[in-house]
1. Within the range 349-361, is even one residue modelled with pLDDT under 90, of a type in the set (S, T, N, Q) and buried (at least 22 other Cβ atoms within 10 Å of the Cβ)?
2. Could you run through the range 145-187 and say how many residues are surrounded by fewer than 17 Cβ atoms within 10 Å (Cβ to Cβ) and among the polar types (S, T, N, Q)?
3. Of the conditions (1) at pLDDT below 90; (2) surrounded by 16 or more Cβ atoms within 10 Å (Cβ to Cβ); (3) in contact with a Leu (Cβ under 6 Å, 6 or more places away or on another chain), residue 409 fails just one. Which one is it?
4. What do you reckon, is residue 190 among the hydrophobic types (A, V, I, L, M, F, W, C), closer than 21 Å to residue 383 by Cβ and touching a residue at least 12 places away in the same chain (Cβ under 8 Å)?
5. Considering only the range 94-124, state which residues are under 17 Å from residue 6 (Cβ atoms) and modelled with pLDDT of 95 or more.
6. If we scan the range 107-114, do we find a residue that is under 19 Å from the mean Cα position of the chain (by Cα) and assigned by TED's automatic domain parsing to the domain that holds residue 8?
7. Would you pick out the residues in the range 101-116 that are free of Cβ contacts under 8 Å to residues at least 40 places away in the same chain and either closer than 30 Å to residue 183 by Cβ or not in a helix (DSSP H, G or I) (or both)?
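The values are calculated or read from the model by the stated rules, or taken from the named source; none is laboratory data. Because the structure is a prediction, the values reported are computed rather than measured. As a convention, Cβ positions derive from the backbone with ideal geometry for all residues, glycine included, and neighbour counts pool all protein chains shown.
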Amino acid sequence: MKRVSVRVGNIIIGNTRPVVIQTMCNTPTGNIDASFNQCLELARKGSQIIRLTTQGIKEVNALREIKLRLHNAGITTPLVADVHFSSDVAIAAAEVADKVRINPGNFSKDPAIALEEYKKLISICKKRDVAIRIGINHGSLGEKIIEKYGDSPLGMKEAALEWIKMSQENDFDQIIISLKASNTRIMTDAYRLLYESFKKNGVSYPLHLGVTEAGNGESGRIKSVVGLATLLGEGIGDTIRVSLTEDPANELPVAAFIAQYFTEPKVVFHGQNISTNQDGSRIIHAKYSIKTWEEFLLRASCDLGPMLLDNLIDDISLSVSIGGKEAAENDLLRFRDELLQAARRKFTKPEYIACPGCGRTLFNLEEVFEEVKKRTSHLTGYNIAVMGCIVNGPGEMADADYGYVGAGRDKVTIYRGKTAVFMNVPQTDAIDKLLEIIEEDRRNKLFRPRN
């Protein structure tokens, strides 16, 4: 199989090279000082590629200035323009950025027009040696794909193949593909299907891996690790982002750990590590002696998460020493529950879908998300989304039963599934409105969670 290498600025991705780690600014790109300072911090903390939201020509011009300032400061970390809808903006961004992230199907509802705009973008990218990331997200597939394949891993794979084919027909191979979902099962299935197509067709393009809208804290880290480790363990994936609803600098040590994990000898669990209960369920018995809780959380998730996700085991039993002291039983039980939920094997609390925030977000996403979690913690089995803007919601919260989506400065829209129920709600009232609709539906038995 031919493996394509893709150059992004001074970084080359793919063709069995080491995994590249990246993140995304959460500052408004138009705020040049704030974005420059955050890029400086992220580059110095190890991000090999940095993405910035670029929703308009104003942001393209800001990106140009940010890149110039970084170069003057001796920072040559490649910058990626994140463009969702406007082909004109994508084409303008290609004159500045080292890579442009697009979903070309969003350029127009008319596939013929979208293709023509994509050809224009390719032309500029060829001239400037700029890469393109074709970003396909669960919940944001085109009508034609959904009608034929549903909003499914197969649909995601077929959507990617359409644009790969169009790239090939235009003699352009500097493409990176992503197939993101907040559901680890859907995400891993989609990438596996696409990778099988690569093998069948004899050409493999670099894959950008990520569990989108993973959330924050231990939950977000474990969920990301389960999805990424499952694929990287199979040799699928060339660059990764751990999407956390936190300071983007917090994503980098997690991503670095995952990338490093796959360069080291692995723990091999043999048959004697697994026992079978009378009901046929399989439990793995794992023992760890490790320096810190954070390291245990990441390493055990890398070791055990893929086995749970692929139904090789059904439960875990842990014996853990942290810094020479036995880990607290409550901590181990919490980790077990988080890991089982991340692998979609058992749900013991609500499932949260939360974007990491970016320059499009016009409210304090981290604070709001924590408050939503606090006030909905009793809703076991429900999928609840908190999204920074209309770009990510409702499309990318495809698995959510209910959603809190930024609609403008200090305004929020509340969703039931993909239907907007309360629009432009003042932010001060929005969580109350979210709880109001959930509790009303529970009383009337009108809407049930999908888990």
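1. Yes, the conditions are met somewhere in the range 349-361.
2. 2
3. (2)
4. Taking the combined requirement at face value, the residue satisfies it.
5. If the condition is that a residue be under 17 Å from residue 6 (Cβ atoms) and modelled with pLDDT of 95 or more, then 94, 97, 98, 99, 100, 101, 121, 122, 124 are the ones that fit.
6. no
7. 102, 103, 106, 107, 108, 109, 110, 111, 114
This table checks each residue for (1) out of contact with any Phe, Trp or Tyr (no Cβ under 9 Å at 6 or more places or on another chain); (2) in contact (Cβ under 8 Å) with a residue 40 or more places away in the chain; (3) in a helix (DSSP H, G or I).
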site: 222; (1), (2), (3): no, yes, yes
site: 228; (1), (2), (3): yes, no, yes
site: 234; (1), (2), (3): no, yes, no
site: 260; (1), (2), (3): yes, no, yes
site: 263; (1), (2), (3): yes, yes, no
site: 298; (1), (2), (3): no, yes, yes
